[in-house]
Protein chains: 2
Amino acid sequence: MDLHILDHRLRVISISKSGLVHFTHPLIKLIFLRNRTRCKFFSLTETPENYTVVLDEEGFKELQPSEHLKVESSIWLPLNVVSNGNASSSSQAVGVTKIAKSVIAPLAQQHVSVFMLSTYQTDFILVREKDLSVVVGTLEEEFNIYEEVGGESVPMLSLMPSSQTNSVFAPPATRPTVHPVLIPQNQFCVMSLDPDTLPSIATTLIDVLFYSNGPKEDAQSSPSRDLDCIKFFSFSLIDGYISLVMDTEAQRQFPADLLFTSSSGELWRMVRIGGQPLGFDECGIVAQISQPLADSDISAYYISTFSFDHALVPEEDIVRVTDMLQNQRKEPAAS
Amino acid sequence: MDLHILDHRLRVISISKSGLVHFTHPLIKLIFLRNRTRCKFFSLTETPENYTVVLDEEGFKELQPSEHLKVESSIWLPLNVVSNGNASSSSQAVGVTKIAKSVIAPLAQQHVSVFMLSTYQTDFILVREKDLSVVVGTLEEEFNIYEEVGGESVPMLSLMPSSQTNSVFAPPATRPTVHPVLIPQNQFCVMSLDPDTLPSIATTLIDVLFYSNGPKEDAQSSPSRDLDCIKFFSFSLIDGYISLVMDTEAQRQFPADLLFTSSSGELWRMVRIGGQPLGFDECGIVAQISQPLADSDISAYYISTFSFDHALVPEEDIVRVTDMLQNQRKEPAAS
């Protein structure tokens, strides 16, 4: 398999719920007016807590510093696994499950924090730029690693400076924190859209993204109209490809003929990971969920946000996943 | 003829060029998300100096006070002339020309300030609420006057309290200021759009309204790319009807099949009135332009903004209008 280190230098930020109105102008530009920006990697995810924005440096320039903005201090690089046809995997699963054992687990063992961003098209594994040599050192046995340079993929030189190779040595394993999970009742769809038809859904998308929190709702207490449901909406426009993750209630607001899913009517349930905001430094959170899913060959999308992580699993597997997670939380974690 | 006093209480405000970004959120709501607002009268006009917004009190609530916002202190009421089929006028002209002698001139003689807003559908004559009794007293001989009350037109009681009728007596006429005019080279079109197709032009309209001033252009020095052209774009959504006034350069950005004009290819030239910002208290400015146009039976739209007034006359009449205005500025004003 091939691993591509994409040519985007990303920032991960959060915008407070009440602060979104102040960023309407730059965000609408980044979402709808491709001719006016050089941003090539943009993702916006609404959760009950805040809005998480992942975007490249060109996009980041559009956002003025503000009390409503929190910026994670690192530069993150997106990795992307491309199966080159020779893959020996017998798995039918899609999403993060496919890369759980080959990428997620080894990086967790090396104590590399990852920030996952699954889209309709692919799964981006974001790693800190400063961890790149460890990442390459960890994954180069399993993967052909390519760098994107000026739009071309070139094989990455595997020879690392000796000062960096040392850090590939994993520190002793510590017992991982097992985070509480929340399994809301909404059903989600993972969809895409021809970028040329984006203008057709502009007013609906603007409505859902910027106006769906009524003025009377308290920002902190409005995670859900229904206590068992969660507000979660994700839009991304990456290298010209659009991906949307929304629940079926939001989906009903869009014209049915423009958005498409990989297989008609495919619905997903969410597992939100974390009782308290997770932060960016803990390692192994994705691995903790994705490994057992991989063992059971259950497909999963995975979307990290500023505060929590979110796995999406097929609706028909939610009972198995729930049981699995409950067992994980009862039993002592395997070393 | 009938004169309707419409059931909207309007505010006239300006937003500075650099301040528009801070009002993107409420303005997009007012323009595109009719279900989210009870605003029924909304107009936004970009000029080189600023943005003029005319909107009812429901709309006004959406705009947070800001250093970028100037609010004219009065409540304005829109009047609308409806020809009831018995009109004896032989004029073929449209727009403000039709009401120059019957409405504009008498109000000017009574020293009533008017703020004009021509749209594709009709011409709104805005008068201050405090001037209403004078307006009614002045126009009730010529017009059947109706008030709109809860969506119904009811004949207005012509009996005014004696304390108010006194003010109908006109103060002695003073020699009016003759303002300099500017006649830019752009050609304008006055267009409409089915409200149901507004979403189809949303991204283009958002681009033109909110992103057309490039970041490198100085807000004060960007009235025109070409020194002889003027930046002028007007959008209104009033009682469900959309009107757009834009120059042919802006028009080219919109899909040709959605916007319509009253007669195909009809183009208009602009006369901007005022060398210095006009303010809101001077009377007779509209009359000064519209009376000679009426004498020559030349159609005209008329759009007042926070700083200047703008008449639009048919392209083929611009030479006559220019001559007329030059003569007006050479000769002593008729008493």
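With respect to the conditions (1) open to solvent by 10 Å² or more (accessible area, probe 1.4 Å); (2) of a type outside the set (S, T, N, Q); (3) within 14 Å of chain A (Cβ to nearest Cβ); (4) in contact (Cβ under 8 Å) with a residue 60 or more places away in the chain, B:M1 lacks only one, and its number is (3).
In this structure, is A:R329 of a type outside the set (F, W, Y) and either open to solvent by 40 Å² or more (accessible area, probe 1.4 Å) or on the phi > 0 side of the Ramachandran plot (or both)?
Yes.
Contact map, the stretch B:188-204: first residue more than 8 Å from chain A (Cβ to nearest Cβ), second residue acidic (D, E) and surrounded by 20 or more Cβ atoms within 10 Å (Cβ to Cβ), Cβ cut-off under 7 Å, separation 6 or more or different chains; pairs are B:F188/B:D247.
B:S83 meets the stated requirement of being modelled with pLDDT under 95, away from chain A (no Cβ under 14 Å) and touching a strand residue (DSSP E or B) at 6+ places or on another chain (Cβ under 9 Å).
Residues that are aliphatic (A, V, I, L, M) and part of a helix (DSSP H, G or I) within the stretch A:282-323 comprise A:I285, A:V286, A:A287, A:I289, A:L293, A:A294, A:I318, A:V319, A:V321, listed in sequence order.
May I ask you to list the residues in the stretch B:17-61 that are crowded, with 19+ Cβ neighbours inside 10 Å, within 14 Å of another protein chain (Cβ to nearest Cβ), over 23 Å from A:S200 (Cβ atoms) and in contact with a Cys (Cβ under 8 Å, 6 or more places away or on another chain)? Of everything in the stretch B:17-61, nothing turns out to be crowded, with 19+ Cβ neighbours inside 10 Å, within 14 Å of another protein chain (Cβ to nearest Cβ), over 23 Å from A:S200 (Cβ atoms) and in contact with a Cys (Cβ under 8 Å, 6 or more places away or on another chain). Among the residues making up the stretch B:14-57, those that are of a type in the set (A, V, I, L, M) and under 18 Å from B:L77 (Cβ atoms) are B:V53, B:V54, B:L55. The set of residues in the stretch A:248-264 being in a loop (DSSP other than H, G, I, E, B) and open to solvent by 60 Å² or more (accessible area, probe 1.4 Å) consists of A:R252, A:Q253, A:A256, A:D257, A:S262, A:S264. Against the test of being at pLDDT 65 or above, away from chain A (no Cβ under 14 Å) and more than 23 Å from the chain's Cα centre (by Cα), the options B:L182, B:L227, B:L157 yield a single qualifying residue, B:L157.
The values are calculated or read from the model by the stated rules, or taken from the named source; none is laboratory data. All of these numbers come straight from a predicted model, not from anything done at the bench. For neighbour counting, all protein chains shown are included, and Cβ atoms are generated from backbone atoms with ideal geometry for every residue, glycine included. In case anyone asks, the SASA skips ligands and DNA or RNA and just uses the protein heavy atoms, side chains included. Shrake-Rupley method; radii C 1.70, N 1.55, O 1.52, S 1.80 Å.
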